[in-house]
Structures are given as structure tokens and as C-alpha cells.
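Read through the structure below, which is laid out as C-alpha cells, and then see the notes.
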Amino acid sequence: MLHRFIGILAALLFGCSTGLAAPAPASPTHYTPTDTILILGAVPQEIPPFVEAMTAPEKKSLWGIPYWEGMIDDTPVVVAITGIGKTFTGMTTTLFVAEMKPRLVLMSGTGARIDPTLRTGDVIVATVTYEHDYGSLTADGMVYRPMNGPDNGAEMENAFSPPAELLARADDAIAAYEGPEVSANGETYNVTARRGVVASSDLFGVTTQRIETLRTRFDVDIMEMESAPLGHVAVSLGVPFLVIRAGSNIAQEAPNDDYLRLGPIAARQAAHFTLHLLDYL
């Protein structure tokens with residue numbers, strides 16, 4: 001009983017602290033930026049719309065990681081695939097930030113729907129991202145705690161937010177957005193875009209207990225495997241970023257079949273909004 005009380009108390013304390021999300025800066029902290037925007041997707045199906053939108057894209061490789069470089073309208077862009085999960089995302093983001101020195105980083109892709117009112121293809125621009133598998137997994141659920149960084153173990157909140165300036169520009173893009181019509185799950189509708197919350201982990205599927213935790217403690221809209229580690233890197237290294245995610249399948253323990261069916265729809269819608277957003281950046 002004492003163990004359970006301590007776990008609940010720690011979780012509540014962490015839950016109170018997550019409102020103090022660490023914001024990324026409005027401009028890069030540690031380098032003079034180029035004009036380039038770095039666009040990242042986790043898997044191959046999330047990037048073709050960007051390559052197709054480029055003028056004369058060049059396919060290149062950085063330390064074995066393929067990427068495309070070119071112009072979208074008047075904006076120089078680099079588009080790369082991170083790979084799935086937190087480690088691949090942290091690795092790829094850090095490498096490309098150090099090499100390309102972008103003025104900002106965008107992540108575009110899909111995610112499982114935690115908010116049941118979201119439909120397949122509806123777009124979320126993340127105001128905050130969380131790593132929901134950082135802490136201790138107990139018989140009573142997760143016990144969350146702050147992170148410890150490389151600077152003598154200094155604590156860092158497990159909550160990563162874009163700069164307010166970029167979110168304001170995203171708001172303008174959202175207000176002007178006319179979502180395309182899609183058909184999914186037996187319905188036809190126009191997709192919407194709004195602000196929201198995204199949580200990440202190295203888990204493809206999660207239990208109903210974890211889904212309830214994400215809803216009640218973190219007010220999560222979409223769950224996936226890459227946005228929070230990207231935010232973690234961006235905040236830690238002082239790089240502006242935005243996360244754009246479109247809902248695919250409903251969050252569940254075994255999402256494979258639903259993801260394979262709905263993921264391509266969501267990937268296209270996330271990219272469609274991100275291309276629209278570029279006009280505001």
C-alpha cells in the first residue's frame with residue numbers, strides 16, 4: 001500500500017509539472033542558421049508529397065541516411081526519413097541539424113488517435129509533446145519523473161514545446177486551411193486542423209490503461225513514436241520546431257492492420273497541411 005501511495009504521489013507531482021513545458025527558442029541558439037527548413041518523416045510513405053512539390057529535387061545521403069534537397073516555391077528544404085522510434089529520431093534529427101543548420105525543423109506524419117473525436121486525416125499541430133514511457137512501469141501503471149540531462153545530471157521536464165512565435169504562425173495557417181475531402185471508416189468528410197497534444201514512446205500499441213492515462217493525465221490527442229524525441233532534441237540543442245500529425249487508426253494494443261489501411265490517408269493529409277503551412281513560415 002505504501003509503495004502504491006508513493007507511486008501515485010510521484011505521478012501526481014509530475015502531472016502538475018508538465019504544464020511547464022520547456023519551449024524551444026524562436027531562432028537557433030548555437031549556430032547561424034541557413035535559410036533551409038528541415039522536414040522529417042518517420043517512414044517512407046510520409047515524405048513523397050514534399051519531394052513531388054520540390055523543384056529539381058536532388059537525392060543525397062548523409063552518413064548513410066537518404067535525403068532530398070531542393071526548393072518548394074521560394075523555400076530551400078531538406079527532407080529526410082528518421083526511421084521509427086525514439087533513438088532513430090534523436091540520431092537523425094541531431095545529425096541533420098548539425099550538418100544542415102536549418103532555421104527550423106518540421107516533423108510531418110501520422111499517429112494513433114487518442115482523442116475519439118479525431119477522424120482519420122484530421123491534423124494536430126502540437127503545442128507540447130511528451131515521452132510517455134520515461135519513468136518506472138509499476139503494477140499500478142507508470143510513475144513519471146523529470147529527466148536528467150548531460151549537464152551534470154540537471155533535471156529537465158518531460159514536456160517539449162515549440163516557440164510561441166511559430167505556434168502563432170501555425171494558428172494563421174490553421175485559420176486559412178480548407179481541408180481536403182477524404183473517405184475513411186465508412187465516412188466522407190473534410191479534414192480539419194487544430195492545435196493539440198502529442199505523446200511518444202517506443203511502443204507501437206498500448207493497453208487501455210495506458211490510453212486512459214494519456215487522456216486523463218496528459219490530455220493527449222495523438223500518440224506515436226517520434227515527435228517528443230524530436231522536441232527533446234530541439235529544445236536541448238536550441239532549435240525551433242513544429243510537429244504536424246494526422247490521425248490514422250484509433251490507439252489500441254495491436255494496430256497493425258488498421259494502421260496499414262489508414263496510415264497512407266493520414267500521411268497524405270499531414271503532408272498536405274505542412275505544405276500549406278510553409279507559406280506562413
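Miscellaneous remarks
- Those helices (runs of 4 or more DSSP H) lying entirely in region 162-281 with at least 1 residues of a type in the set (Phe, Trp, Tyr) and modelled with pLDDT under 95: 208-218, 256-278
- Strands (runs of 3 or more DSSP E) within region 13-128 that include 2 or more residues modelled with pLDDT of 95 or more and within 24 Å of Asn158 (Cβ to Cβ): 37-41, 104-113
- Residue within region 159-167 that is under 18 Å from Ser201 (Cα atoms), among the aromatic types (Phe, Trp, Tyr) and surrounded by 13 or more Cβ atoms within 10 Å (Cβ to Cβ) present: yes
- Only residues that are touching a Gly at 6+ places or on another chain (Cβ under 6 Å) and either farther than 18 Å from His132 by Cβ or assigned to a strand (DSSP E or B) (or both) were counted in region 142-156, giving 4.
- All positions within region 116-142 that are among the acidic types (Asp, Glu), under 11 Å from the mean Cα position of the chain (by Cα) and closer than 23 Å to Asp258 by Cα: none
- Residue-level check: of (1) closer than 25 Å to Thr216 by Cβ; (2) surrounded by fewer than 23 Cβ atoms within 10 Å (Cβ to Cβ); (3) of a type outside the set (D, E, K, R), Ile124 misses just (2).
For every residue, the table says whether it meets (1) surrounded by 16 or more Cβ atoms within 10 Å (Cβ to Cβ); (2) over 23 Å from Leu281 (Cβ atoms); (3) touching a helix residue (DSSP H, G or I) at 6+ places or on another chain (Cβ under 6 Å).
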| position | (1), (2), (3) |
| --- | --- |
| Ala42 | yes, no, no |
| Met71 | no, no, no |
| Val79 | yes, no, yes |
| Arg103 | yes, no, no |
| Thr110 | yes, no, yes |
| Thr117 | no, yes, no |
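- Number of positions in region 63-93 that are among the small types (Gly, Ala, Ser) and more than 18 Å from Ala267 (Cβ to Cβ): 3
- Long-range neighbours under 6 Å by Cβ, at least six apart or interchain, first residue more than 21 Å from Ala267 (Cα to Cα) within region 164-182, second of a type in the set (Ser, Thr, Tyr): Arg169/Tyr280; Asp172/Tyr280
- Tyr177 meets each of the listed conditions (1) over 22 Å from Asp258 (Cα atoms); (2) in contact with a helix residue (DSSP H, G or I) (Cβ under 7 Å, 6 or more places away or on another chain); (3) exposed (fewer than 15 other Cβ atoms within 10 Å of the Cβ); (4) not acidic (Asp, Glu) apart from (3).
The values are calculated or read from the model by the stated rules, or taken from the named source; none is laboratory data. Predicted model only: the values in this text are computed from it and were never measured. Glycine gets a Cβ as well: all are built from the backbone with ideal geometry, and neighbour counts include every protein chain shown.
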